[in-house]
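The values are calculated or read from the model by the stated rules, or taken from the named source; none is laboratory data. Owing to the predicted nature of the structure, the values given are computational and were not obtained by experimental measurement. A quick note on method: Cβ atoms are made from the backbone with ideal geometry, for glycine too, and the neighbour counts reach across all protein chains shown. The protein model used for the area step is the full one, side chains on, heavy atoms only, and it has no ligands, DNA or RNA in it. Shrake-Rupley method; radii C 1.70, N 1.55, O 1.52, S 1.80 Å.
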Amino acid sequence: MLREAYEYLTTPCPPLARRYGYLAEMVALGARYRRQKTAWAPHLAACRRFVTDAMARVPKGGRAMVAGSGLLLEVPLRELAGHFGEVVLVDVIHTRAVRRAARQWPNVRLEALDVSGALEPLAAALAASRPLPIPTPPALPGERFAFAVSCNLLSQLPLMPLEAIERGAPAMPNAVRGAFAHSLARDHLAWLARSAEKSALFTDTESLWLEGERVIEREDSLWGLVPPAPDRSWTWVIAPAPEEDRKRDLHHTVGGWFDVMGFAASC
């Protein structure tokens, strides 16, 4: 707990991201990783293999973007830095540990950015009791990237905005919330596709609660998007019992797509 408290107090973070819980979530993610390092190892290895194989489809040199770089658990930074002339790590928060890791590579740059474009307009709309905004994903500085990869962002982008809506506008109809979440996910695909000559992504596609080998509950994680079959698929044992439930394990099914254009076209 002392480590988490120190991280929360000392990590540079925009005020709105802190207020909306992004910093607390990232600190909690790091703590869960330390508790579940063994259970997470196959998932993290699969993520890194996917990114390495995706970048190998792109000629060396040029610029690469990693959207949702997070704690770099899923990111093969050494391989990316060796393959591309510049690597830009994009996330709303970059922890001190991430900043130290990035400094090892002179061609790695950090960009603190809300890739959904939702936080500021949503905060303004909720404060003024206005309808939910139509966010515009931000423009990225510099020329178009040669390669981009989104790391587990697609399923996660709507979560914190939906929590903010629950706090600030609890009477908001579920259909309106669902449409807002769907638009954030759909627009992320379009933003990723236009950001680079070649874009890839991996993301949770469903959550499963299990008792032993038996699936007790299954929930879609893609906010109504219907993707094509993934190029890769694997299981993430994210919370084996008793991490979140005394008896049940939480698994995520993860899919990886080497070409976002095909995914975006189907949605």
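General observations
- The selection criterion, being in a helix (DSSP H, G or I), among the aliphatic types (A, V, I, L, M) and open to solvent by 50 Å² or more (accessible area, probe 1.4 Å), holds for Leu9.
- Some residue of the stretch 149-166 being more than 27 Å from Trp223 (Cα to Cα) and not acidic (Asp, Glu): no
- Qualifying residue in the stretch 90-101 (condition: touching a helix residue (DSSP H, G or I) at 6+ places or on another chain (Cβ under 6 Å) and either closer than 30 Å to Leu132 by Cβ or open to solvent by less than 10 Å² (accessible area, probe 1.4 Å) (or both)): yes
- Counted residues, the stretch 109-141 - those being buried (at least 16 other Cβ atoms within 10 Å of the Cβ), part of a loop (DSSP other than H, G, I, E, B) and touching a Gly at 6+ places or on another chain (Cβ under 7 Å): 2
- Unmet requirement for Glu74, which otherwise passes all of (1) more than 17 Å from Tyr20 (Cβ to Cβ); (2) not in a loop (DSSP other than H, G, I, E, B): (2)
- Among residues of the stretch 37-52, those that are surrounded by 15 or more Cβ atoms within 10 Å (Cβ to Cβ) and either of a type in the set (A, V, I, L, M) or more than 16 Å from Leu72 (Cα to Cα) (or both), counted: 4
- Enumerated strands (runs of 3 or more DSSP E) restricted to the stretch 178-267, each holding at least 1 residues that are open to solvent by less than 20 Å² (accessible area, probe 1.4 Å): 196-211, 232-239, 249-257
- Failed item, numbered, when Arg57 is tested on (1) assigned to a helix (DSSP H, G or I); (2) surrounded by fewer than 17 Cβ atoms within 10 Å (Cβ to Cβ): (1)
- All positions within the stretch 241-267 that are within 17 Å of Trp40 (Cβ to Cβ) and touching a Ser or Thr at 6+ places or on another chain (Cβ under 9 Å): Leu250, His251, His252, Thr253, Val254, Gly256
- Among the residues of the stretch 12-31, the one identified as in a loop (DSSP other than H, G, I, E, B) and of a type in the set (A, V, I, L, M, F, W, C) is Cys13.
- Conditions (1) open to solvent by 60 Å² or more (accessible area, probe 1.4 Å); (2) over 25 Å from Leu89 (Cβ atoms); (3) touching a strand residue (DSSP E or B) at 6+ places or on another chain (Cβ under 9 Å): number failed by Glu166: (3)
- Whenever a residue of the stretch 163-179 is in contact (Cβ under 8 Å) with a residue 12 or more places away in the chain, its partners that are outside any loop (DSSP other than H, G, I, E, B) and surrounded by fewer than 11 Cβ atoms within 10 Å (Cβ to Cβ), lying with C-beta atoms within less than 9 angstrom and at least six residues away or across chains, give the pairs Gly168/Ala127.
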